[in-house]
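The values are calculated or read from the model by the stated rules, or taken from the named source; none is laboratory data. The model shown is predicted, which means the values in this text are computed figures rather than measured ones. For neighbour counting, all protein chains shown are included, and Cβ atoms are generated from backbone atoms with ideal geometry for every residue, glycine included. Please note that ligands, DNA and RNA were not included when accessible areas were found on the heavy atoms of the full protein model with its side chains. Shrake-Rupley method; radii C 1.70, N 1.55, O 1.52, S 1.80 Å.
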Amino acid sequence: MGNPILFLILAAVAVIAAVMMVRSRNAIYSALFLVLNFVTIAVLYLILNAPFIAMVQITVYAGAIMVLFLFVIMLLGAEKLQGFEESSKGQLWIAAFLAVVLIATFAVALIQGDPSSSGAVAGLDSSPSNLGLHLFKAYVFPFELTGVLLLAAMIGVVVLSRNSAKRGKDA
Amino acid sequence: MSFGILEFLKSLIDLTVFDYMRGVWGDQRFVEPVLDLIGALVVSTFCLLIVIFLIWLERKVIARMQDRIGPNRVGGKFGLLQTVADVLKLLSKEMITPAAADWWPYNLAPLLIVIASLLMWAVLPFAPGVLGVDLNIGLFYVLAVSSISVVSLLLAGWGSNNKYALLGAYRSIAQLVSYEVPMILSLLVPILLASSMSTIDIINAQTVPFILVVPISALIFFISALAETGRTPFDLLEADSEIVAGFHIEYGGMKFGMFFLAEFIGTLFMSGLFATVYLGGYRLFGLEEFVTGGGWALGRLLGLVVFFIKMFAVYFVFIWVRGTLPRFRIDQMLNFNWKFLVPLTLALVLMVAVVEKLPFMASLGDVSRAGVHLFANLLLGLVTLEILRRFARKQRMAQEEKLAARAAVNSGSEPGNLAPEAVAAH
């Protein structure tokens with residue numbers, strides 16, 4: 001598990017970034033804190049000897065998805081939306097309750113789980129070739145299923161944008 | 001801890017400085033982190049300083065191509081100190097943050113973009129054994145880190161609170177995100193051939209340099225590298241004549257200098273990556289094995305020289321392209337990427353994968369396998385050219401028909417006499 005001090009620092013940064021993301025009133029700042037959170041998680045993966053997963057985390061989340069988020073927020077000018085207070089009064093309490101439930105679940109899992117299993121995970125060979133072999137042998141069905149799902153989403157986008165373009169011409 | 005000058009000199013001959021330091025300090029816990037730190041410092045300082053030379057080189061070469069002399073006042077006949085003076089000027093300027101700008105994004109962006117462009121150098125091998133880390137995901141690391149610079153451009157464009165800056169940021173996102181696709185796909189080809197993403201493994205696999213094995217992949221990588229670094233003809237993101245410098249319009253002094261710096265470091269890195277992935281890096285037709293056999297520092301020096309010559313040869317082509325081509329329009333840029341480069345690269349990846357697994361390939365030697373790949377590549381290139389030719393012909397015919405029909409309507413009784421004004425009016 002690498003250096004415990006390093007882990008604690010990174011964990012603190014990740015948690016603070018996550019909290020700031022929720023607390024921030026500016027949508028752009030929220031997105032930026034989320035990027036920081038993703039990058040910290042990626043470094044955690046690096047400490048766990050999983051550089052491939054770490055780089056996937058950075059490319060896909062921090063690089064692609066968050067850029068898309070920021071792009072849309074900036075294009076729509078959503079950062080200037082005024083007065084988006086909490087939608088319901090009870091939201092804070094529900095959120096707090098759910099957070100407690102989540103932490104309790106983690107605690108139970110930590111207490112009951114086998115503490116030696118995490119070491120076994122860290123010792124695995126996480127090279128891209130090994131990862132690829134696992135993906136295409138043991139997990140080939142879920143992998144292909146995900147592929148079909150993503151393809152469906154892509155076709156959906158093409159169909160939707162085509163329809164709206166036609167409507168635009170008619171109007 | 002002792003420091004013997006004689007031992008040090010001896011170490012230069014048969015070891016590198018790092019091996020010597022390991023020998024002096026022994027196997028203490030702090031040795032590796034300290035050496036890593038020194039290495040990172042040396043590489044980053046080198047990158048930051050060589051930009052001074054790169055800018056001078058670019059101005060001089062571009063000037064020669066445009067039949068000018070270029071910088072020739074500061075620092076002798078060749079204006080060698082011109083860029084030094086420019087850097088001093090930039091450094092001595094006031095650091096301004098516009099009143100309407102958003103402080104954090106505005107000031108974070110220049111830092112982030114330089115950090116991203118420096119981080120990429122970690123996996124680039126300069127000479128045998130001289131590189132930051134040999135990650136087993138080397139090329140993927142480069143792509144991941146370079147995607148951070150996209151965030152930085154967006155921050156700069158939005159944080160400046162200026163419509164031209166925001167426009168420039170939109171353009172740059174559209175361009176960088178699009179051209180990342182053919183870049184990743186074209187890099188997949190050398191990865192397939194070397195069956196590894198590590199830069200060292202890719203160099204070791206190049207008995208024949210990959211540019212002779214898969215020239216189309218090299219060409220596509222070069223084009224997308226041009227686009228990713230935002231250089232002419234893909235300099236729409238700063239397009240001085242349209243959106244007055246784009247995302248960094250509100251930056252001045254060294255904050256502007258940081259964007260400039262990142263662009264030049266990025267371009268040099270892309271040249272280095274091209275040299276590593278397609279030109280065989282520090283290899284020189286097997287000569288380096290003759291010299292580096294004993295792990296000599298001199299052999300490493302030879303590797304360094306070879307690598308630098310290759311890197312600067314590619315860099316010269318970057319400058320050459322800038323001196324030759326005009327800027328794309330944004331729709332041309334996007335169409336070219338999505339309707340031409342991406343399909344072509346996908347076809348190329350599929351083809352290389354199939355050719356690599358052909359039944360007779362396993363029994364062939366390195367050179368004949370390279371020949372088969374080259375043949376398949378040339379075939380794909382010819383097919384592509386033929387498709388392009390037919391497409392262009394169809395377009396041209398349609399255009400001519402349209403013009404002819406209009407001319408017939410306009411000139412009435414004299415269809416043979418095409419009035420140029422009438423054509424121009426449409």
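If you check B:A85, B:A63 for being under 28 Å from B:P326 (Cα atoms) and away from chain A (no Cβ under 14 Å), only one passes: B:A63.
When B:Y164, B:Y179 are checked against the criterion of being more than 9 Å from chain A (Cβ to nearest Cβ) and open to solvent by 30 Å² or more (accessible area, probe 1.4 Å), a single residue qualifies: B:Y164. For the criterion of being farther than 26 Å from A:L135 by Cβ and without any contact (Cβ under 8 Å) to a residue 12 or more places away in the chain, A:I28 fails. The one condition from (1) open to solvent by 50 Å² or more (accessible area, probe 1.4 Å); (2) within 14 Å of chain A (Cβ to nearest Cβ) that B:N107 does not meet is (1).
Can you find even one residue in segment A:9-22 that is hydrophobic (A, V, I, L, M, F, W, C), within 16 Å of B:S149 (Cβ to Cβ) and open to solvent by less than 70 Å² (accessible area, probe 1.4 Å)?
Initial filter on segment A:9-22 (hydrophobic (A, V, I, L, M, F, W, C)): A:9-22.
Going one step further and asking which of them are within 16 Å of B:S149 (Cβ to Cβ), we end up with none.
No, because not a single residue in segment A:9-22 is hydrophobic (A, V, I, L, M, F, W, C), within 16 Å of B:S149 (Cβ to Cβ) and open to solvent by less than 70 Å² (accessible area, probe 1.4 Å).
Exactly one residue out of B:L346, B:L350, B:L341 is touching a helix residue (DSSP H, G or I) at 6+ places or on another chain (Cβ under 6 Å) and at pLDDT 85 or above: that is B:L341. I'd like the full set of residues that are of a type in the set (S, T, N, Q) and open to solvent by less than 30 Å² (accessible area, probe 1.4 Å), limited to segment B:187-205. Hits for segment B:187-205 are B:S196, B:S198, B:T199.
The set of residues in segment B:379-409 that are open to solvent by 100 Å² or more (accessible area, probe 1.4 Å) and either among the β-branched types (V, I, T) or under 30 Å from B:A194 (Cα atoms) (or both) comprises B:L382, B:L385, B:I387, B:V409.
For the residues B:I173, B:I137, B:I184, B:I148, the requirement of being surrounded by fewer than 21 Cβ atoms within 10 Å (Cβ to Cβ), of a type outside the set (S, T, N, Q), out of contact with any Ser or Thr (no Cβ under 7 Å at 6 or more places or on another chain) and within 13 Å of chain A (Cβ to nearest Cβ) singles out B:I184. The set of residues from segment B:123-134 being more than 12 Å from chain A (Cβ to nearest Cβ) and of a type in the set (A, V, I, L, M, F, W, C) comprises B:L124, B:F126, B:A127, B:V130, B:L131.
Every test in (1) of a type in the set (A, V, I, L, M, F, W, C); (2) open to solvent by 40 Å² or more (accessible area, probe 1.4 Å); (3) closer than 20 Å to B:Y251 by Cβ is passed by B:L90 save one, and that test is (2). Does B:V114 satisfy being away from chain A (no Cβ under 11 Å), surrounded by 18 or more Cβ atoms within 10 Å (Cβ to Cβ) and in contact with a helix residue (DSSP H, G or I) (Cβ under 6 Å, 6 or more places away or on another chain)? Against the criterion (away from chain A (no Cβ under 11 Å), surrounded by 18 or more Cβ atoms within 10 Å (Cβ to Cβ) and in contact with a helix residue (DSSP H, G or I) (Cβ under 6 Å, 6 or more places away or on another chain)), B:V114 qualifies.
For segment B:252-270, does any single residue satisfy the condition of being within 14 Å of another protein chain (Cβ to nearest Cβ) and at pLDDT 80 or above? Among the residues of segment B:252-270, not one is within 14 Å of another protein chain (Cβ to nearest Cβ) and at pLDDT 80 or above, which makes the answer no.
Residue pairs whose Cβ atoms lie under 7 Å apart, sitting 6 or more positions apart in sequence or on different chains, and linking a residue in segment B:63-91 that is in the same structural domain as B:F53 (by TED's automatic domain parsing) and under 21 Å from B:L49 (Cα atoms) to a partner that is aliphatic (A, V, I, L, M) and open to solvent by 60 Å² or more (accessible area, probe 1.4 Å), are B:V74/B:L81; B:G75/B:L81.
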